[in-house]
Amino acid sequence: MTNPFSLLIGWLLDLIFGDPQKLPHPVVWFGKMIATCEHQYNKGTHRKLKGALIAIGLILFVFALVWMLRKILGIFALFIFDGTREQVYQIPLLLYIFDALAIFFCLAGTTLIREVREVFLALDRSLDEGRRQVARIVGRDTSELSAQEVRTAALETLAENLSDGVIAPLFWLAILGTPGMLAYKMVNTLDSMIGYKTERYKDFGCWAAHIDDIANYIPARLTAFLMVLTTGRLGLLRFVWKNGRNHASPNSGYPEAALAAILDCRFGGPHYYFGQLFDKPYIGTNDRLLTTEDMKTAVRINRTAEVLMVLLTVSVSLFALLSIPS
């Protein structure tokens, strides 16, 4: 179990700095590993089998590597004696630092909020700037989006990635420690790179997409619950459970439905991905114009839900530590 102090330090680092632009990032390494495997094996026959073996192999490799590193770092402990030198305390300082940095790299709450704010600021300057800015955080074709569609895309991404970039990593941290958290980031990176139903990826990325669906099943619904909980309007959960299934993904619709319920707006609809039209169902019915105030409300909801999840994860960590026999 990860030390709660490492969790708080890692979270505070993300809160202050966001994704470190000039430091080596594990997700970048994951992406290079996936790209190399995809280029090498996504051809010929048995693509589904090869994609399955690569997806499972990479996830297990990351989990095992981090688990082994933590075991090694745990050996190097700082010894502190009490005043009588009869009691000694072992503090695995290097392990705590490693966990804090891993958590820092795995959380994406601050960077996501910054990017969404930049979309609205860019849109205030011009529609073309807004389209270019939102293209940084969405996979759809943004070249023909209207101003309303740019705002909608940004807020959908804010809700969806609250689950993928904050709640889910913390959920797997609480369940399986930093090995589970980093393995989840590999799962998420696999899905974001090859988990598409396009001609190129429909077979090779099939297992990556299904594993991501399983890994996010509980976190996505937990995200929606926490978002609604921050408003104190638990009656909105009826809207969430009804509309959360109106999405191509079995999970992404739930946090999007939560934000749509809170803002009383409409998300979803048809979009182009990699030149192919995907006819997504709508979430909600009120097709009103979205504003900068809606973005500010959404950001506040995201931050509050994030704080609640951090407190929940810290509580799980403390309970686990206190349950260990002395």
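The values are calculated or read from the model by the stated rules, or taken from the named source; none is laboratory data. Quick caveat: nothing in here was measured; it's all calculated off a predicted structure. Counting neighbours? That spans all protein chains shown, and the Cβs are built from the backbone with ideal geometry, glycine included. When the accessible area is computed, the model is the full protein with side chains, heavy atoms only, and any ligands, DNA or RNA have been set aside. Shrake-Rupley method; radii C 1.70, N 1.55, O 1.52, S 1.80 Å.
Count of the stretch 33-55 residues, restricted to those that are assigned to a helix (DSSP H, G or I) and over 19 Å from the mean Cα position of the chain (by Cα), is 16.
Residues that are at pLDDT below 90 and more than 21 Å from VAL314 (Cβ to Cβ) were ranked within the stretch 1-40; the one that is surrounded by the fewest Cβ atoms within 10 Å (Cβ to Cβ) is LYS22.
One line per residue, one yes/no per condition, for (1) of a type outside the set (Ser, Thr, Tyr); (2) closer than 20 Å to LEU289 by Cα:
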{"position": "PHE105", "(1), (2)": "yes, no"}
{"position": "LEU123", "(1), (2)": "yes, yes"}
{"position": "SER146", "(1), (2)": "no, yes"}
{"position": "ARG151", "(1), (2)": "yes, yes"}
{"position": "GLU156", "(1), (2)": "yes, yes"}
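Counting the residues of the stretch 107-132 that are open to solvent by less than 90 Å² (accessible area, probe 1.4 Å) and charged (D, E, K, R) gives 5.
Return yes or no: is LEU101 touching a residue at least 60 places away in the same chain (Cβ under 8 Å), under 24 Å from THR178 (Cα atoms) and open to solvent by less than 40 Å² (accessible area, probe 1.4 Å)? Answer is no for this residue. The one condition from (1) open to solvent by 60 Å² or more (accessible area, probe 1.4 Å); (2) modelled with pLDDT of 95 or more that GLU144 does not meet is (2). Is it the case that ILE137 is among the β-branched types (Val, Ile, Thr), closer than 19 Å to VAL27 by Cα and open to solvent by less than 30 Å² (accessible area, probe 1.4 Å)? No; evaluated as a whole, the condition is false for this residue. State which residue is surrounded by the fewest Cβ atoms within 10 Å (Cβ to Cβ) when the search covers only the stretch 193-240 and only residues that are more than 28 Å from ILE56 (Cβ to Cβ) and in contact with a Lys or Arg (Cβ under 9 Å, 6 or more places away or on another chain). Only one residue fits best here, namely THR230. I'd like to know if the stretch 278-298 contains one or more residues that are open to solvent by 10 Å² or more (accessible area, probe 1.4 Å), in a helix (DSSP H, G or I) and more than 23 Å from THR142 (Cα to Cα). Scanning the stretch 278-298, I find at least one residue that is open to solvent by 10 Å² or more (accessible area, probe 1.4 Å), in a helix (DSSP H, G or I) and more than 23 Å from THR142 (Cα to Cα), so the answer is yes. Which of the residues spanning the stretch 135-174 are among the hydrophobic types (A, V, I, L, M, F, W, C), under 20 Å from ASP287 (Cα atoms) and in a helix (DSSP H, G or I)? Once the filter is applied, which keeps residues that are among the hydrophobic types (A, V, I, L, M, F, W, C), under 20 Å from ASP287 (Cα atoms) and in a helix (DSSP H, G or I), the stretch 135-174 yields ALA147, VAL150, ALA153, ALA154, LEU155, LEU158, ALA159.
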